[in-house]
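Student: Could you have a look at this structure, given as C-alpha cells, before my questions?
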Amino acid sequence: MTDLSADDHDQPHDLVGIGIGPFNLSLAALADGVHGGLAATFFDQRPAFHWHPGLLLDGTTLQVPFLADLVTLVDPSSPWSFLSYLRARDRLYPFYLAERFHIQRAEYDAYCRWVSEQLPGLHFGHQVDAVRWNAERAVFEVDFTQLDGDGEVEALGRAYTRNVALGVGTEPYVPEPLKLLADTPAVPVIHSADYLAHRERILAAEHITVVGSGQSGAEVFLDLLRARPAGAEKLHWLARTEAFAPMEYSKLGLEQFTPDYTSYFHALPEHVRDELVPRQWQLHKGIDAGTIAAIHDELYSRTLRGGWPDAVLTPGVLVRTAGRVGATRLELHLEHAQQSGRSRLTTDAVVLATGYRERPLGPLLAGLEPYLRLDNSQRPRVDARYRLMLDPSVTGSVYVQNAERHTHGVGTPDLGLAAWRSATILNSLTGTEPYPLPRRTAFTSFGLDGQERHRQVPAPRGLVPLSEMR
Ligand SMILES: Cc1cc2nc3c(=O)[nH]c(=O)nc-3n(C[C@H](O)[C@H](O)[C@H](O)COP(=O)(O)OP(=O)(O)OC[C@H]3O[C@@H](n4cnc5c(N)ncnc54)[C@H](O)[C@@H]3O)c2cc1C
C-alpha cells in the first residue's frame with residue numbers, strides 16, 4: 001500500500017481501477033503479472049478489503065470451487081492464487097487432507113485480503129467521484145476523495161489514465177413497498193447484507209420474519225432456526241417465488257457460466273437477451289441444495305420429541321406493504337398470488353433478504369455522457385471485450401466488471417468468470433496477449449453457430465492498443 005503524492009497522479013496511468021472487490025482485485029493481480037509492467041492503480045472507498053462481512057456466517061461456503069480464485073483459471077502459476085495463499089500460511093497440507101472443493105466464505109475473504117495487502121498500487125479509503133475524458137491530453141481524469149479512518153474527507157485528488165476499469169459491484173436492494181419498513185427505528189428491519197452486525201438484536205425479538213428465497217434468505221433463516229429454542233422458534237420465512245427452489249447446479253447447466261456461453265449470449269439480439277435473463281433465475285437466484293437439506297434436517301430434528309417447530313415457511317407470498325402496531329411491532333400486509341388471498345402478519349423484527357442490484361454507474365460517468373453509446377433501454381452498450389461503447393473520438397477505454405448482465409448474461413457476477421474477464425480486459429488493453437485464452441470452454445455448443453464461435457474473435461476496429469501508444 002503506497003501513499004500517493006500529486007506528482008504520481010499527473011503521470012497518466014495505463015489503468016485506473018475504481019472499486020476493489022474480487023473482480024478488480026483479480027484485474028490488479030493479473031495486471032501485476034504483465035511482463036514489462038503496467039502502470040496500474042486501484043481505488044476503493046472502504047478502509048480495507050472485506051468481502052460481504054454481514055454474511056460471513058460460520059460454515060457458509062463459496063458456491064464455486066476454489067479454482068475460481070482471482071487468477072488460477074487463466075494463470076495457475078500466479079503468485080496470487082489461492083494455493084499460493086495457503087502455502088504462505090503453511091496450510092497446504094491441512095487443505096489437501098480437508099478435501100474441500102468449496103472453501104468457506106471467511107477463508108475466501110481472508111485470501112482476498114492477503115492479496116490486497118501485498119499488491120502494489122491499491123489505495124483503500126479513496127472514493128472516486130467522477131470520470132471525465134480530457135480530449136486535449138487524450139486521457140481520462142479520475143477525481144477522488146481521500147477519506148480518513150472514520151470516513152471523513154482528508155484530501156481531494158485527481159488521477160490521469162489511458163484506461164479505466166469500473167468494478168463498483170452491487171448494492172443491497174430493497175423493493176419500494178418495503179422501504180417504508182426501514183423507517184421504524186424501534187423495530188429491527190435490516191437487509192441481509194448487514195445480518196451479522198444486527199444478529200443479537202434480531203434474535204432478541206419475540207417473532208422474526210425473513211423475506212426472500214435466495215441463498216442469503218436461506219442462510220439467515222437456518223442460522224435463526226438453529227439459535228431458537230425448539231418449539232419456541234417464532235419464525236416466518238416468506239418468499240415471492242412459487243417455491244424454495246434449489247439453485248441449478250448440474251454440470252451441463254453450469255456451462256452457462258463459461259466464456260463460451262457468455263460470448264454466445266453477447267451475440268444475441270438485445271430483446272432476446274432481455275427475455276432470457278429473468279427466465280434463468282434458477283441459475284443465480286435459487287438456494288444451494290446443501291443449505292436446503294440443512295434446513296430440512298434442522299426442522300426434522302425439532303420434531304423428534306413430538307410436535308412441529310413454530311416456523312412457518314410460505315412461498316408465493318408478496319409483502320405488499322407494512323404498518324406499525326404500537327411502538328415496537330410491525331404488521332406485514334401479505335398477498336398470496338395463487339390464492340388471490342390477503343392476510344396480515346404481526347412481527348417484531350424483519351430480515352430483508354431481497355437481493356442486490358448493480359451499483360448505478362450514472363453518477364460516476366456523468367462526465368462521459370456525451371460519448372456514451374446507449375441501448376434501447378438507455379443502458380450503456382458494452383462490447384465483447386467488456387468495454388463501454390464510446391464515441392470514436394475517445395481513444396482510451398472504459399472497461400466494466402459486474403455491471404454488464406444485460407450484455408453478457410448471468411455469468412456477470414460469477415466468481416468463476418473473474419480471471420477470464422480480467423485477462424480479456426488486459427489482452428485488449430495491452431494489444432498483446434499476456435494471457436492467452438482457450439478457444440473452447442464448454443462441451444455444449446451454444447447456438448447453431450456454436451462451432452463457428454469456437455474460432456478466434458477478430459481484433460477490435462480502430463482502437464489503439466497500449467503497445468502502439470507508447
Ligand atoms: C453474500 C454473497 C455471497 C456471494 N457468494 C458468491 C459465490 O459463492 N460465488 C460467486 O460466484 N458469486 C458470489 N457472489 C456474487 C459476487 O461474486 C459478489 O457479489 C462479488 O463480491 C462481486 O464482486 P465485485 O468486485 O463486482 O463487487 P463488490 O464486492 O461489491 O465490490 C465493489 C467495491 O467497489 C467499491 N466502490 C463502489 N463505488 C466506489 C467508488 N465510487 N469509489 C471507490 N470505491 C467504490 C465498494 O466499496 C466495494 O468495495 C456473492 C454475493 C454475495 C452478496
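The values are calculated or read from the model by the stated rules, or taken from the named source; none is laboratory data. Source: prediction; values computed, not measured. Neighbour counts run over all protein chains shown; Cβ positions are idealised from the backbone, glycine included. These area figures cover heavy atoms from the full protein model, side chains too; ligands, DNA and RNA do not enter into them. Shrake-Rupley method; radii C 1.70, N 1.55, O 1.52, S 1.80 Å.
Student: How about segment 390-425: which of its residues are in a loop (DSSP other than H, G, I, E, B), open to solvent by 10 Å² or more (accessible area, probe 1.4 Å) and either within 14 Å of residue 261 (Cβ to Cβ) or free of Cβ contacts under 8 Å to residues at least 40 places away in the same chain (or both)? Show your work before the answer.
Tutor: Taking segment 390-425 and keeping what is in a loop (DSSP other than H, G, I, E, B), we get 391-396, 401-404, 409-414.
Applying the additional criterion that residues be open to solvent by 10 Å² or more (accessible area, probe 1.4 Å) yields 391-393, 395, 402-403, 413-414.
Of everything in segment 390-425, those that are in a loop (DSSP other than H, G, I, E, B), open to solvent by 10 Å² or more (accessible area, probe 1.4 Å) and either within 14 Å of residue 261 (Cβ to Cβ) or free of Cβ contacts under 8 Å to residues at least 40 places away in the same chain (or both) turn out to be 391, 414.
Student: Which of the residues that make up segment 331-368 are open to solvent by 20 Å² or more (accessible area, probe 1.4 Å), within 13 Å of the ligand (Cβ to nearest atom), under 22 Å from residue 243 (Cβ atoms) and in a loop (DSSP other than H, G, I, E, B)?
Tutor: 354, 355
Student: Is there a residue being in contact with a Phe, Trp or Tyr (Cβ under 9 Å, 6 or more places away or on another chain) and either open to solvent by less than 70 Å² (accessible area, probe 1.4 Å) or at positive phi (or both) anywhere in segment 314-327?
Tutor: Yes - at least one qualifying residue is present in segment 314-327.
Student: For segment 42-90, what are the residues that are free of Cβ contacts under 8 Å to residues at least 40 places away in the same chain, more than 14 Å from the ligand (Cβ to nearest atom) and either outside any loop (DSSP other than H, G, I, E, B) or crowded, with 19+ Cβ neighbours inside 10 Å (or both)?
Tutor: Residues satisfying the conditions are 81, 83, 84, 85, 86, 87, 88.
Student: If you don't mind, there's one more thing I want to ask. Please give the number of the condition residue 296 fails out of (1) open to solvent by 50 Å² or more (accessible area, probe 1.4 Å); (2) touching a residue at least 24 places away in the same chain (Cβ under 8 Å).
Tutor: Residue 296 satisfies every listed condition except (2).
Student: Kindly check whether there is at least one residue in segment 130-144 that is within 18 Å of residue 372 (Cβ to Cβ), in contact with a helix residue (DSSP H, G or I) (Cβ under 7 Å, 6 or more places away or on another chain), basic (Lys, Arg) and surrounded by fewer than 22 Cβ atoms within 10 Å (Cβ to Cβ).
Tutor: Checking segment 130-144: at least one residue is within 18 Å of residue 372 (Cβ to Cβ), in contact with a helix residue (DSSP H, G or I) (Cβ under 7 Å, 6 or more places away or on another chain), basic (Lys, Arg) and surrounded by fewer than 22 Cβ atoms within 10 Å (Cβ to Cβ).
Student: Can you name the residue in segment 162-186 that is farther than 30 Å from residue 354 by Cβ and in contact with a helix residue (DSSP H, G or I) (Cβ under 9 Å, 6 or more places away or on another chain) and, of all such residues, is farthest from the ligand (Cβ to nearest atom)?
Tutor: Filtering segment 162-186 down to residues farther than 30 Å from residue 354 by Cβ leaves 162-164.
Among the residues that remain, those that are also in contact with a helix residue (DSSP H, G or I) (Cβ under 9 Å, 6 or more places away or on another chain) are: 162-163.
Values: 162: 19, 163: 17 Å.
Out of the qualifying residues, it is 162.
Student: Let me ask you something else. So if I check each of 236, 191, 207, which one is away from the ligand (no atom under 12 Å from the Cβ), buried (at least 21 other Cβ atoms within 10 Å of the Cβ), touching a residue at least 24 places away in the same chain (Cβ under 8 Å) and not assigned by TED's automatic domain parsing to the domain that holds residue 55? It would help to see each step written out before you state the result.
Tutor: Details: 191 fails: away from the ligand (no atom under 12 Å from the Cβ); 207 fails: buried (at least 21 other Cβ atoms within 10 Å of the Cβ).
Of 236, 191, 207, the one residue that is away from the ligand (no atom under 12 Å from the Cβ), buried (at least 21 other Cβ atoms within 10 Å of the Cβ), touching a residue at least 24 places away in the same chain (Cβ under 8 Å) and not assigned by TED's automatic domain parsing to the domain that holds residue 55 is 236.
Student: Six or more apart or on different chains, Cβ under 9 Å: which pairs go from a residue in segment 363-389 that's polar (S, T, N, Q) to one that's surrounded by fewer than 12 Cβ atoms within 10 Å (Cβ to Cβ)? Could you list them?
Tutor: 376/271
Student: Further question: Can you tell me which of 431, 396, 447 is under 24 Å from residue 139 (Cβ atoms), touching a Phe, Trp or Tyr at 6+ places or on another chain (Cβ under 7 Å) and more than 16 Å from the ligand (Cβ to nearest atom)? So that I can check it myself, show each step before the final result.
Tutor: Numbers: 431 fails: touching a Phe, Trp or Tyr at 6+ places or on another chain (Cβ under 7 Å); 447 fails: under 24 Å from residue 139 (Cβ atoms).
Step by step, each of 431, 396, 447 is checked, and only 396 is under 24 Å from residue 139 (Cβ atoms), touching a Phe, Trp or Tyr at 6+ places or on another chain (Cβ under 7 Å) and more than 16 Å from the ligand (Cβ to nearest atom).
Student: Restrict the check to segment 259-269 and report whether at least one residue is open to solvent by 40 Å² or more (accessible area, probe 1.4 Å), in contact with a His (Cβ under 8 Å, 6 or more places away or on another chain) and either at pLDDT 95 or above or in a loop (DSSP other than H, G, I, E, B) (or both). Give the steps one after another, and end with the answer.
Tutor: Of segment 259-269, the ones open to solvent by 40 Å² or more (accessible area, probe 1.4 Å) are 263-264, 266-267, 269.
With in contact with a His (Cβ under 8 Å, 6 or more places away or on another chain) added as a condition, the list becomes 266.
With either at pLDDT 95 or above or in a loop (DSSP other than H, G, I, E, B) (or both) added as a condition, the list becomes 266.
Yes.
Student: Further question on the same structure: Within segment 155-258, which helices (runs of 4 or more DSSP H) (wholly inside it) include 2 or more residues that are under 14 Å from residue 351 (Cβ atoms)?
Tutor: On the way: elements: 176-179, 195-203, 215-227.
In segment 155-258, 195-203, 215-227 are the helices (runs of 4 or more DSSP H) which contain 2 or more residues that are under 14 Å from residue 351 (Cβ atoms).
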